[in-house]
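Just below is one structure, and these are the notes that go with it.
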Amino acid sequence: MELATNGGSKIEVSEAIFGRDFSEPLVHQVVVAYLAGGRAGTKAQKNRSAVSGGGRKPWRQKGTGNARAGTIRSPLWRSGGVTFAAQPRDFSQKVNRKQYRAAMRAILSELVRQDRLVVVDAFEISEPKSRLVVEKLNELDADKALVVDVEIDGNLYLGSRNIPGVHVLAADRIDPVSLVGAEKVIMTTAAVERIQEWLA
């Protein structure tokens, strides 16, 4: 199949990458797994065994009139341990490489169908100015966009990092969440070729 570039020319792309059916369950699974992998999972609280003190029975079992107690660090007591204490955990989910690549192909194909993928010959600015990036995006009729190139130009990175909704990624670093969440994805022809090599 062919994709039209902003300059008016056309590039030949693989039907298997940019023209496949959209699988919502697969994309949902991969997106959830990607977000879960980014969670730190470092939340921790102390249970009754981890709280300091409480090694001695506070009073004898019978005869005092108090309720029986074995430790002053019971969850019922002030300064006691937490009943169901949170512990560090790993939230990551296993996704096969074949599944991940199939989901990326489905996302790229859906971007093409929805006219959210714009291919340009190059996306460069002469100075690291936000104004220049905004002007370039206005030419492409995109207020918010994800810009993908083979290598990130320093001027483009510095000029775009202060603009809300505009992100710049190298072709090797694209991920399903960034692609799904972008209003428009602007790719250079070189980035398209690099992605095709990766997903072939």
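The values are calculated or read from the model by the stated rules, or taken from the named source; none is laboratory data. In this text, all values refer to a predicted model and were calculated from it rather than measured experimentally. Cβ coordinates were reconstructed from backbone atoms using ideal geometry, including for glycine residues, and neighbour counts include every protein chain displayed.
Here are a few things to note about the model shown:
- Residue ID - modelled with the highest pLDDT, chosen from residues in segment 1-56 that are of a type in the set (A, V, I, L, M) and assigned to a strand (DSSP E or B): Ile11
- Selection of segment 88-138 for residues being crowded, with 18+ Cβ neighbours inside 10 Å and over 18 Å from Val27 (Cβ atoms) yields Val118, Val119, Val120, Phe123, Ile125, Val133, Lys136, Leu137.
- Pair list, Cβ under 7 Å, 6 or more apart: segment 127-138 residue under 10 Å from Val166 (Cβ atoms), other residue in a helix (DSSP H, G or I) and among the hydroxyl-bearing types (Ser, Thr, Tyr): Val133/Ser160
- Test set (1) at pLDDT below 95; (2) over 28 Å from Lys94 (Cα atoms) - Arg60 fails condition number: (1)
- Answer from Arg73, Arg20 - the residue that is surrounded by 13 or more Cβ atoms within 10 Å (Cβ to Cβ), of a type in the set (Lys, Arg) and within 23 Å of Ser109 (Cβ to Cβ): Arg20
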